[in-house]
Amino acid sequence: MTAAELNELFGAIIAPTAEVSIPDAWLPAVHDALRAIEELPTDIRAFAIVTGVIESDGQLRIKITAAPEYMPEDGMQRIAEIVANAQAAVKRSVH
């Protein structure tokens, strides 16, 4: 999938110009992560955008640009948990 396609599915949480380069087998985990980010409260979601979803050294990397100073205190932690869950799902699917 391309960034533009992911942007159509998940809206403004992913930049239409984001770098996307992952195996197709990882798409379910990535879709779950993007859906979870999309479902975050507005006071978190409005200040973060996914700028990349890539494979690097066999690992899933989700790049996010954010303005955490405008988020609630736990905003970045909640995003980190979503990313960690996606990375764990990919790791389980590979092994």
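The values are calculated or read from the model by the stated rules, or taken from the named source; none is laboratory data. Predicted, not measured: the structure shown is a model, and the values here were computed from it. Note: ideal-geometry Cβ built from the backbone for every residue, glycine included; neighbour counts use all protein chains shown.
Details
- Among the residues examined, Gly11 does not qualify as among the small types (Gly, Ala, Ser), closer than 12 Å to Gln87 by Cα and touching a residue at least 24 places away in the same chain (Cβ under 8 Å).
- Verdict on Ala48 being under 16 Å from Ala80 (Cβ atoms) and either of a type outside the set (Phe, Trp, Tyr) or under 13 Å from the mean Cα position of the chain (by Cα) (or both): yes
- Subset of the stretch 1-24 (residues that are among the charged types (D, E, K, R), farther than 18 Å from Glu39 by Cα and not in a strand (DSSP E or B)): Glu5, Asp24
- Qualifying residue in the stretch 46-68 (condition: part of a helix (DSSP H, G or I), free of Cβ contacts under 8 Å to residues at least 24 places away in the same chain and either surrounded by fewer than 16 Cβ atoms within 10 Å (Cβ to Cβ) or β-branched (Val, Ile, Thr) (or both)): yes
- Among the residues of the stretch 9-59, the ones that are closer than 20 Å to Asp74 by Cβ and of a type in the set (Gly, Ala, Ser) come to 4 in all.
- Number of positions in the stretch 33-77 that are over 13 Å from Ile13 (Cβ atoms) and of a type in the set (Lys, Arg): 1
- Meets criteria (out of contact with any Gly (no Cβ under 6 Å at 6 or more places or on another chain) and either among the hydrophobic types (A, V, I, L, M, F, W, C) or modelled with pLDDT of 95 or more (or both)) for Ala18: no
- Note on the stretch 27-44: residues that are crowded, with 19+ Cβ neighbours inside 10 Å and more than 8 Å from the chain's Cα centre (by Cα) amount to 2.
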